[in-house]
Amino acid sequence: MQRRGKYFSHLLVLPPLLFIVSFLCVVPIISGQNVSGLIEAVDVGVILDADNIVGKVGQTCISMALEDFYTLNQNHSTTRIVLHKRDSKGDVVEAADAAIDLLKNVQVQAILGPQRSSQAEFVIDIGNKTQVPVISQATSPSLSPTDNQYFIRGAQSGSSQVKSLTAIIKAFGWREVALIYEDTEYGRGVVPYLTDSFQRISTQVRHQSVFSLSASDDHILEELYKLMTMQTRVFVLHMLPSLASRFFTKVKQVGMMNEGYAWIITDGLTALLDSMDPAVINSMQGVIGVKPHVPKSRKLENFTVRWRKRFHQENPDTDRVEMNVFGLWAYDSVTALAMAVERSGIGVSKFKKPVATENLTDLAAIGTSEMGPRLLQSIQKIKFKGLSGDFHLVNGQLQPSAFQIVNVIGRGDRGIGFWTREHGISKNLIVPSGKNYTTNKEDLGAIIWPGESTIVPKGWEMPTGEKKLRVGVPVKAGAFREFISVERDPQTNAVIATGFCIDVFKEVMKSLPYAFPYEFIPFETPDGESAGSYNDLVYQIFLGNYEAVVGDVTIVANRSRFVDFTLPYTESGVAMIVPFEDDDRKNAWIFMKPLKKDLWLTTVFFFIFIGFVVWLVEHRINKEFRGPLGKQVGMIFWFSFSTLVFAQKEKLISHLSRFVIIVWVFVVLVLTSSYTASLTSMLTVQKLKPSVTDIRDLIRNKDYVGYQWASFVEGILKNKGFDASKIKNYSTFEEYDKALSSGSKNGGVAAIIDEIPYIRLFLSNPTYCAKYTMVGPIYRTAGFGFAFPKGSPIVPDVSRAILNVTEEDVMTRIEEEWLGEGSTCAEQDGSMITSDSLGLDNFKGLFLVAAVASLSAIVLFLSLFLYDNGDILASNDLSIRQKLVAMAKTFDEKKDNLSDASKRKTPTGESMAMPAAATADCPQIPAASDSQHAEQIFSPDDGFATTQTSTPIHETTEIVEINEER
């Protein structure tokens, strides 16, 4: 009994003991201490630089993000991310080795980091091979999520800031900049985007300076001194703080943070200004920067307070570190990853090993993650409101937000405006509805520029040591010194440049909004002669010997390959100077010239054609158009040509022929009047006609032509097909006159080819004006312009100044002073060189009316003739040939008509009395007996009436015609 009681007591103790054991096993699982039960553990690797400010900030943010997420979701979280941290130590190899270690030994399902673009490039490749998502804040555009399937950019791409930087450059009108960047993946990645964007607003990248991370201070100083010798004063800096801190210290040291300079920094540096040393910030006073805008929120403020306390606990030796956008992106990225892990569900979280494992490298032997593809799809769908703003991945990376524009003043930066893709630059982030995209500098707040200046830097200035702009001028000998003349003072040997081009240049430079010192340097040999052609002179700018070229330099395509030209300030084009043609009033055949050949032939044809039409209609009824064949042919020519002087005497009977002649007389009247006027004009103004009107005639005739020495016209002539042996160059007006007067066959030339401004000047001389004229232009050019180096920022300002000068009276004054007021001869141009001869095109309408009238008469006449002789055509007893012969005989027979006075007699020879209604022109109509019924028949052709009785007329009836004159 005692044993049974003892055993029974043991049974009573067992249930409480089991409960206690169960409780001890369950509690760790619920609290997260044991993740082998209800909560699934997901291994995630973290690769950051432990000694880097961004890395330190990121580590704290990542840890706090997981704590905040699981605290908020502790009641329904089924997964738990376990972090495995590795230090990349700022080295690419270390980062790659850390990634392999995490994948091989831990089999992590995702990797956070690294944050450096150079390190991320290798880790991303490893992630693609193992199908493990890599979430990094690397911003280099060269790392594209589109090209790397398992790369998630938990930040904005570096290319997203390019348009904001371009907007700043455009707002201040800077035409050239210099790019300065570090020689890393981060530095190089954004440069092509900046260059292309600047070119779209016509801003040239004049120079690029690249610095390695290990660049010495001496190397930095050497490069800065080189930049100081350039004209560019606007610099865009793309560096991280480690190198930028040393760089700006040297910039301050050499004096490049003084007034006149402009420095713009990118978001990678601007976002970390709060963490930089105060001494460095002091050397950056006046710098402008852009950084992603982070919207303010109560959640962000609370997190910042907690983060600052936590960070200083973890990094007690680190001072002056503030929260930055990279830390916020890291926080949001971890939150997104935790949400994606939850949505992916619990499943296989191991790696699938390759089938063949022999002779494989460590990377190949790792295999591929079975959870990776599912996790990748899940994270790409995550959307939420994060600390940095809206977290929304598009094509594997965060979408760009607004950018804040700041000015480095005092101990940090001060906001001066914002830039958005929709509205451009604005003072406030919230803009009025309907505002368009703008880039106005007035939309920015007050800016303190380097040197504590409030004046906007113009962006360029003359290089250090060069006090004046070196302006090359051509040395001309002989004629055309009115355009430019270069001499030297006999006492001081100073260069004295005068002329039309020089005065225009001086007026243009005076109208610039800033002082611009310059000096003229002749393009000459040691003995004072010209050193080459104008092409050689322009090329000196490309070689760096001159900063500008001023003179009668024409803007042409081949020169614009080496320099930039301003807008032209003279008339454009190339034309010919040709002598007047010899007076043709002594020409025996001048009377043929008023009408062109085609008009002469057409007129003769219509004379003959009209005569034929009149003969065709009048032949049967008018005796004037009858008779022997020779007489009839002569009548055709005689009658039609007699209308030329309105001398025709033949009377026309048919209304059809009268209608044709009326129309034709009108045509003849117009022709004779036009011929008279043209001949009169030729006999009085024939002397104004040039000897040559088409340059192709010179080529066909193999004539000699001339041009101005050293002019580009020589190339034009060769391109148009002139033989080099047929081209001669001249230097003075006297040589022009002598060559043109001699002519091509006597050792001279048939024409001088030159630019219109020179021709105007030549023809303004009354002596030459009476002998020569201008024909053309035969070739288009842009006129004279000033040349500057490629991409020179002064070109737009000078071009605008040229427009102002040419629109004012000062240009007229300069022209009158150097080129004269001109004369009527100087106003001759190609529009006067027209032919005096009249062509067929001038009278097409008249001949068309005459042709229609004549053809209508022919058609109507033939219709009536065939109708009257239809019995012949309808006869079945005659062949076609016989019918044609019969019709011809019928046509040749005379037909009675009202114009012939005729008499009809009775068989007894007695005369019949005329009815009272008959006229003298009508034939006698025999009277009919009372028992006979008379029928009057009218012929539509001749208009006279005959009477036909109802009884047959005997064959012996004799009709006597009595012809009387009217």
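Odds and ends about this structure:
- Subset of the range 369-424 (residues that are among the polar types (S, T, N, Q), within 29 Å of TYR150 (Cβ to Cβ) and part of a strand (DSSP E or B)): SER369, GLN397
- Restricted to the range 663-749, the set of helices (runs of 4 or more DSSP H) holding at least 1 residues that are of a type in the set (S, T, N, Q) comprises 713-719, 733-742.
- A single member of GLY785, GLY776 is touching a helix residue (DSSP H, G or I) at 6+ places or on another chain (Cβ under 6 Å) and either on the phi > 0 side of the Ramachandran plot or touching a residue at least 40 places away in the same chain (Cβ under 8 Å) (or both), and it is GLY776.
- Filter result (aliphatic (A, V, I, L, M) and under 30 Å from PRO133 (Cβ atoms)) within the range 393-444: LEU393, VAL394, LEU398, ALA402
- Evaluating TYR704 against the criteria (1) modelled with pLDDT of 85 or more; (2) surrounded by fewer than 16 Cβ atoms within 10 Å (Cβ to Cβ) leaves one unmet condition, (2).
- Scanning the range 131-190 for residues that are assigned to a strand (DSSP E or B) and in contact (Cβ under 8 Å) with a residue 40 or more places away in the chain yields ILE135, PHE151, ILE152, ARG153, GLU176, VAL177, ALA178, LEU179, ILE180, TYR181, GLU182.
- Picking from residues in the range 761-795 that are at pLDDT 85 or above and under 27 Å from VAL205 (Cα atoms), the one that is surrounded by the most Cβ atoms within 10 Å (Cβ to Cβ) is ALA787.
- Residue match in the range 566-573 (condition: modelled with pLDDT under 85 and more than 29 Å from the chain's Cα centre (by Cα)): no
- Matching residues, the range 833-876, being farther than 29 Å from PHE891 by Cα and outside any helix (DSSP H, G or I): ILE833, THR834, SER835, ASP836, SER837, LEU838, GLY839
- Filter pass, ARG813 being within 24 Å of ARG559 (Cβ to Cβ) and without any contact (Cβ under 8 Å) to a residue 12 or more places away in the chain: no
- Just one of the numbered conditions (1) surrounded by fewer than 23 Cβ atoms within 10 Å (Cβ to Cβ); (2) assigned to a helix (DSSP H, G or I); (3) under 38 Å from the mean Cα position of the chain (by Cα); (4) in contact (Cβ under 8 Å) with a residue 24 or more places away in the chain is not true of TYR758: (1).
- Within the range 510-529, not a single residue is within 26 Å of GLY715 (Cα to Cα), in contact (Cβ under 8 Å) with a residue 60 or more places away in the chain and out of contact with any helix residue (DSSP H, G or I) (no Cβ under 7 Å at 6 or more places or on another chain).
For (1) touching a Lys or Arg at 6+ places or on another chain (Cβ under 7 Å); (2) under 20 Å from SER388 (Cα atoms); (3) touching a residue at least 12 places away in the same chain (Cβ under 8 Å), each residue gets a yes or a no:
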position: PHE247; (1), (2), (3): no, no, yes
position: GLY268; (1), (2), (3): no, yes, yes
position: HIS293; (1), (2), (3): no, yes, yes
position: ASP317; (1), (2), (3): no, no, no
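- The residue pairs whose first member lies in the range 610-625 and is assigned by TED's automatic domain parsing to the domain that holds VAL849 and under 16 Å from SER854 (Cβ atoms), whose second member is basic (Lys, Arg) and outside any helix (DSSP H, G or I), and whose beta carbons are closer than 7 Å, counting only pairs six or more residues apart or on different chains, are HIS619/ARG626.
- Test result for GLU342, in contact (Cβ under 8 Å) with a residue 40 or more places away in the chain and part of a loop (DSSP other than H, G, I, E, B): no
- The numbered conditions (1) hydroxyl-bearing (Ser, Thr, Tyr); (2) modelled with pLDDT of 80 or more; (3) over 21 Å from LEU652 (Cα atoms) are all true for THR908 except (2).
- Yes/no for ARG813 being out of contact with any Pro (no Cβ under 9 Å at 6 or more places or on another chain), within 30 Å of ALA178 (Cα to Cα) and either aliphatic (A, V, I, L, M) or part of a helix (DSSP H, G or I) (or both): no
- Each residue in the range 295-319 was checked for being assigned to a loop (DSSP other than H, G, I, E, B) and in contact with a helix residue (DSSP H, G or I) (Cβ under 6 Å, 6 or more places away or on another chain), and 1 of them qualify.
- Residue count for the range 481-490 under the criterion of being touching a Pro at 6+ places or on another chain (Cβ under 9 Å) and either surrounded by fewer than 13 Cβ atoms within 10 Å (Cβ to Cβ) or on the phi > 0 side of the Ramachandran plot (or both): the result is 0.
- One residue alone among SER654, SER678 is more than 51 Å from the chain's Cα centre (by Cα) and modelled with pLDDT under 85, and that residue is SER654.
- Residue within the range 576-586 that is at pLDDT 75 or above and in contact with an Asp or Glu (Cβ under 7 Å, 6 or more places away or on another chain) present: yes
The values are calculated or read from the model by the stated rules, or taken from the named source; none is laboratory data. Predicted model only: the values in this text are computed from it and were never measured. So basically every Cβ, Gly included, is an ideal-geometry build from the backbone, and we count neighbours across all protein chains shown.
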